[in-house]
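What follows is a single structure, written as structure tokens, with notes after it.
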Amino acid sequence: MVSHLVNTVRNVVGIIGNVISLFLFLSPVPTFVNIWKKGSVEQFSPVPYLATLINCLVWVLYGLPMVHPNSILVITINGTGTAIEVVYLTLFLVFCKDKKKRLKVLLVILVELVFIGVLAVLVLTVVHTTERRSMVVGIIAIVGNIMMYASPLSVMKLVITTKSVEYMPFSLSLASLANGICWSIYAFLPFDPFIAVPNGLGTLFSLAQLLLYATYYKSTKRIMAARKETKIEMNPV
């Protein structure tokens, strides 16, 4: 009776986690709409999207029945996330005017695809039990998840240097926090260290981003207002 209740609660939390994760994956949409309008990626970094892509690919592998049974909710959201990140990276490549930067992004994508292909082949042919497959892919998934949550650290450095949060989307940080909290709860029903560890750390990273946002929000407004005023002075009607 208790195990059935726990399983039901886990499924409910997992479904909520899927919804929140979907919002997380879609949260950069305003950023890319802005990129589309300006026709340039400006100082926006591709690192969070590259990190999220490899993270999603590894978790799709982790959720396969022959790797970690009964993880359909892990597959559905990460499969969706993979498709969304492919769209983001395609748009980034289209609107990136720096040829060297574009080439670097393409090379990283290629490396990620080769890596996940080799990993899948090795895990499914060399490792022969789901317990061991779960452990191998789970450890790699932890690293991938931490990379995804930590990827905005480079943007956080830019925020501290410029005292502006213009290039650190608030919606992405907030969605990351909600996502980390939800999947941390999911990981304890029953306990799954491969999901608990990265999402617990992800929650802390996201909190740090939101604190940074709150710290530099007012200075960002002042900087943007000053820039707008300067632009008007340089281009009087």
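The values are calculated or read from the model by the stated rules, or taken from the named source; none is laboratory data. Treat the numbers as computed from the prediction; the structure is a model and nothing was measured. When we count neighbours, we look across all protein chains shown, and the Cβ atoms used for this are built from the backbone with ideal geometry, even at glycine. With ligands, DNA and RNA removed, areas are computed over all heavy atoms of the protein, side chains included. Shrake-Rupley method; radii C 1.70, N 1.55, O 1.52, S 1.80 Å.
Data for the structure
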read-out	value
Unit charges on C-beta of K, R, D, E only; dipole of the chain, Debye	860 debye
Distance between modelled label sites at Lys221 and Ile139, nm, 7 Å Cα→Cβ extension	5.0 nm
Out-of-range pairs (alpha-carbon distance over 31 Å; input Lys104/Lys218; Lys97/Lys221; Lys100/Lys157)	Lys104/Lys218
Magnitude of the charge dipole, the stretch 61-108, Cβ model with Lys/Arg +1 and Asp/Glu -1, debye to 20	460 debye
Per residue accessible area of the chain, 1.4 Å probe, in Å²	55 Å²
Accessible surface of the chain [probe 1.4 Å, protein heavy atoms]: carbon and sulfur percent	75 percent
Loop-exposed trypsin sites (Lys or Arg not before Pro) per DSSP, neighbour cap 15 Cβ within 10 angstrom, longest uninterrupted part of the chain	1-96
Positive-end residue, the chain charge dipole about Cα centroid, Cβ charges, pick of Tyr49, Cys182, Ile77	Tyr49
Tensor-based shape of the stretch 66-119 (alpha-carbon gyration tensor, a/c under 1.5 rounded, otherwise prolate or oblate)	oblate
